[in-house]
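S.K.: Structure provided below as structure tokens; questions to follow.
The values are calculated or read from the model by the stated rules, or taken from the named source; none is laboratory data. Predicted, not measured: the structure shown is a model, and the values here were computed from it. Cβ atoms come from the backbone with ideal geometry, glycine included; neighbour counts cover every protein chain shown.
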Amino acid sequence: MMGDHSSIDMPRSEEGVQTEKTPLLHKGSDPVSKLSKKKKNHADGSKSFLGTEDVEKFDAVGRALVAEFLGTMLLVVVGCGACVGSDVAQPTTLSIALAFGFIIASVVQMIGHISGAHINPAVTIGLLACGRIGLIMSILYIPFQLAGAVAGAALLQYLVPELKKDAIGVVSVGAGLTEGQAFAVEAVITAVLLLVVCAVTDPNRSDLANSAPVAIGLAIACSHIFAVPLTGSGMNPARSFGPAAMVGQWDNQWIYWVAPLVGAACAGAVYRIIFRAPKDDDSSYDL
């Protein structure tokens with residue numbers, strides 16, 4: 001779920017020759033970010049809007065797209081799988097929140113160096129607004145995220161008992177909640193996620209200490225604890241789309257698309273304009 005970042009230097013070897021740099025998660029360690037560094041970026045480290053530099057090497061782009069597909073598939077299988085339950089144990093809000101938080105933290109660690117581990121169209125749009133990814137890669141990422149979510153929901157349906165095949169984590173508006181309230185809940189929790197993602201991928205920060213997976217996982221978990229009883233805590237159009245497509249349940253699905261995208265875009269823009277860290281050698285916040 002990350003954007004552009006730097007790397008950290010390993011200690012020098014005994015011969016005095018510096019060893020190979022070890023990438024700090026999401027600080028420019030993924031191939032797409034490395035490509036963009038060869039081109040001119042804005043003063044704040046952001047990319048050009050189109051991001052044509054991101055698609056110059058097809059092998060790196062292909063690996064990133066496959067990573068987004070597989071990462072989103074795993075998110076749906078494990079996260080939505082925690083919503084299924086059985087005769088032995090029924091899911092709770094806490095168990096669902098922990099499942100989503102842990103699997104997303106794991107996926108961020110797993111593929112962050114390949115694609116940035118967005119695994120969420122809202123994160124992609126938010127990082128586009130923040131200047132961390134170009135428009136072209138954003139357009140490429142989202143279909144693979146959606147396809148991964150459908151594949152994950154299909155695999156989950158195969159794995160669960162027949163009586164549970166329609167209970168694979170389809171999100172719905174809670175009883176007594178208006179559409180406007182549900183929209184606000186989804187927009188707010190997605191905005192929280194994006195502010196965290198933008199913060200832990202800020203290329204000008206030196207205090208992160210590889211904290212991205214934990215920080216993002218915690219943001220996901222606490223948002224789920226708050227929102228599962230209200231809206232099911234979609235906060236990811238792909239995660240909402242996959243189970244809905246397999247079950248054929250589309251009630252209020254527009255909320256789970258529009259609200260996260262709006263919340264993410266606003267949060268990404270706010271972080272870029274107000275919250276981003278200044279450059280090490282410059283305290284100004286030039287855009």
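S.K.: Which residue out of 245, 191, 212 is in contact with a helix residue (DSSP H, G or I) (Cβ under 7 Å, 6 or more places away or on another chain) and at pLDDT below 95?
M.R.: 212
S.K.: Taking residue 193, is it in contact (Cβ under 8 Å) with a residue 24 or more places away in the chain and part of a helix (DSSP H, G or I)?
M.R.: So residue 193 passes the test.
S.K.: Does at least one position in the range 51-73 carry a residue that is of a type outside the set (Phe, Trp, Tyr), in contact with a Phe, Trp or Tyr (Cβ under 9 Å, 6 or more places away or on another chain) and at positive phi?
M.R.: Checked against the condition, which is being of a type outside the set (Phe, Trp, Tyr), in contact with a Phe, Trp or Tyr (Cβ under 9 Å, 6 or more places away or on another chain) and at positive phi, the range 51-73 yields no hits at all.
S.K.: I would also like to ask the following. How many residues, within the range 110-140, are of a type outside the set (A, V, I, L, M) and more than 12 Å from the chain's Cα centre (by Cα)?
M.R.: Final tally of qualifying residues: 6.
S.K.: Go through the range 160-181 and count every residue that is modelled with pLDDT of 95 or more, among the aliphatic types (A, V, I, L, M) and in a helix (DSSP H, G or I).
M.R.: 0
S.K.: Right, next: Answer yes or no: is there a residue in the range 149-157 that is free of Cβ contacts under 8 Å to residues at least 60 places away in the same chain and either surrounded by fewer than 23 Cβ atoms within 10 Å (Cβ to Cβ) or farther than 26 Å from residue 86 by Cβ (or both).
M.R.: No, that holds for no residue.
S.K.: Here is a further query. Residue by residue through the range 203-216, note down the ones that are within 15 Å of the chain's Cα centre (by Cα), under 18 Å from residue 267 (Cα atoms) and touching a residue at least 60 places away in the same chain (Cβ under 8 Å).
M.R.: Across the range 203-216, the qualifying residues are 212, 216.
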